[in-house]
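J.: Handing you a structure now.
Read-outs: derived from the displayed coordinates by stated rules, not from any lab. All values derive from a computational prediction rather than experimental measurement. Neighbour counts are summed over all protein chains in view; Cβ atoms, including those assigned to glycine, are modelled from backbone coordinates with ideal geometry.
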Amino acid sequence: MTFQYAAPSEAGVDGGSVLGFLAELERREMSLDSLLIYRGGKLALEHYWWPYRADLPHTLHSATKSFVGTAIGFALAEGHIRLEDTLVSFFPEKVPETAGKNLRAITVADLLTMRTGHRVGLSGKTWRLLETSWVTDFLSRDVETGPGKAFTYSSASSHMLSAIVQRASGSSVAEYLAPRLFEPLGFSGHSWDTDPEGICSGGNGLSLRSIDFLKWGVLHLRDGMWNGERILPEGWVDEATFWHVAQANAGSWNGAEFVPGDGGDEREGYGYQIWLTEQGGSRASGMFGQDVFVFPQHDAVITTTGSITHGLHRYLSGLVQEYLLPAFENPPSTASDTRLAAALTEDNQEPVLRSADPEPILANTRFTCEPNEDELRTIAFTESDGVLTVTLTDPRGSHHVHCGLSTWVESETTVTCWRLHHSYQPRWMRVLGAAHWREPRVLVLDWYFVESPFHDTITVEFPESGGLHWYRKVNVNSTETARPMITAHQDQP
């Protein structure tokens, strides 16, 4: 299906309410990367904030879980699995002999509803650093209480669903969903991270274009139908969005785990890897603002990708309901369309690169680092045709980032970033880079990893006494957002 584009007012969307929503986000310093609004069969808004674009995929983080839930729906309908099947029945060779009755009792239904009996929930941030079997790790952990009772949000539970689909069907979740979901809906440019055993990361790791993320929401709004054809099994949407858990809360984050805690002001439920609201909506939700909201009562779907500070992103759902849902209730007008378009244009300007006059200190220079926590060994600078190339070496190898001196330069890089990027370390990343001299001896490097929420800023100071000081920070992370200073000494020619 090709979406029919329309002005907000033509789709029954009040642009003034959208402006109010954006103003509140700005007041709270909550940054969106894209915002799409679909209503009544029409795409009323599709906007991307610089440097994000419609053709680029965006990391979805935990919204990945909802796509794994969709794969389970297909697997159930095709008879590969049953809700009452136990987890251990799929991996008998990995179950430790000392496994207790609680572990042996966990079912597919328990995994779907995050009621496995574990006391704390494991984050993908922790598992991404694990180079051995994630399935074995899960099966080795204590299950403190009987499953099917208490809700404990955990990316590990979702990963086990991905592993079950692969074991039962013989295909990874990505391969399994390709002919059933991705191809019929016209997905393009997507990717999915895998664990050391080649299993698609179930809790996070899927990257999609925003328009394809929206399609998943529209498919659920239409009860699994697409262009008059049934895509999802009949009845699956109702089953997946049923309040299987009446009071769900992700709890608090301690840097490695989700610890169950009291719910917030808003009562939320949980279906099959989908969050539910009292107002009748549902959503797939990922850290830093990756969300698709489905509102059947308004015949609407709202999709966001974002770079919202960890912790603040939890307020996004409430703000959508408080400030954006009125856009479907207030009378629209062409005048509000005009105001909204003007505001979005003004708010989407590419930053102008301005530099002070630099000291002549970067003519093909290389610096050797003092011992440091990041294990950075050397830093080198080369300049050619208005592009400054920064080359870093560390135990992972040699990594280049190209930075424009008068304009932004897009390239691919393998630079090490996992410490500041929620433990993500792709084999390569698309980066938009620029460099400018803030002062004659202070160089600032801007690296936008444009298929993710992450924007690194590196400040490089060149003392008159020689050498350099390297400071690296990031806009969002689940833990620290700045690394310790690194000191380096210039190599002799």
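J.: Determine which lysines satisfy two conditions relative to Lys101: a Cα distance under 18 Å, and not lying fewer than 8 residues away in the same chain.
T.: Lys101 reaches Lys149.
J.: Next question. When we measure straight from the Cα of Lys94, which aspartates and glutamates land under 12 angstrom away, once same-chain ones fewer than 8 places off are left out?
T.: Within the straight-line cut-off, Lys94 pairs with Asp137.
J.: How big is segment 365-490 by Rg and Dmax over its Cα atoms, in Å?
T.: 13.6, 39
J.: While we're here: With contacts defined as alpha carbon pairs under 8 Å and 6 or more residues apart, what's the relative contact order of segment 365-490 in percent?
T.: Result for segment 365-490 is 19 percent.
J.: Additional query: Expressed as an acute angle from 0 to 90° and rounded to the nearest 10, what is the orientation of the C-alpha long axis of helix 210-221 relative to the principal long axis of the chain?
T.: Around 10 degrees separate the two axes.
J.: Apply the Karplus curve 6.51 cos²θ - 1.76 cosθ + 1.60, θ = phi - 60°, to the phi angles in segment 126-142 and return the couplings in whole Hz, x for Gly and Pro.
T.: Computed from phi, the couplings for segment 126-142 are 6, 5, 4, 8, 8, 9, 9, 5, 6, 5, 4, 4, 4, 6, 8, 8, 5 Hz.
J.: Distance in nm between label sites at Thr2 and Leu319, each 7 Å beyond Cα in the beta-carbon direction?
T.: Using points 7 Å along Cα→Cβ, the separation is 3.5 nm.
J.: Tell me the Kirkwood radius of segment 303-395: reciprocal of the mean inverse pair distance over distinct alpha-carbon atoms, in Å.
T.: Value: 19.2 Å, from the Cα pair sum.
J.: Something else: Compute the relative contact order of the chain as a whole-number percentage, counting only Cα pairs closer than 8 Å that sit 6 or more residues apart in sequence. List each step's numbers first, then the result.
T.: Details: 1103 pairs, mean separation 81.0, N = 493.
Averaging sequence separation for qualifying contacts and normalising by length gives 16 percent for the chain.
J.: Another question about this same structure. In degrees, nearest 10, range 0 to 90: what is the angle between the Cα axis of helix 334-346 and the longest Cα principal axis of the chain?
T.: With both axes taken from Cα atoms, the answer is about 40 degrees.
J.: Excluding residues fewer than 8 places away in the same chain, name every one of the lysines whose C-alpha is closer than 19 Å to that of Lys125.
T.: Reachable lysines: Lys65, Lys473.
J.: Relative contact order for segment 144-277 using alpha-carbon pairs under 8 Å, separation at least 6, rounded to a whole percent? All intermediate terms of the calculation are to be shown ahead of the outcome.
T.: Working: 177 pairs, mean separation 28.5, N = 134.
For segment 144-277, the relative contact order is 21 percent.
J.: Right, here's the next one. Can you give the angle from 0 to 90° between the axis of helix 155-169 and the longest principal axis of the chain, with both taken from C-alpha atoms, to the nearest 10?
T.: Between the helix axis and the principal axis of the chain, the angle is about 70 degrees.
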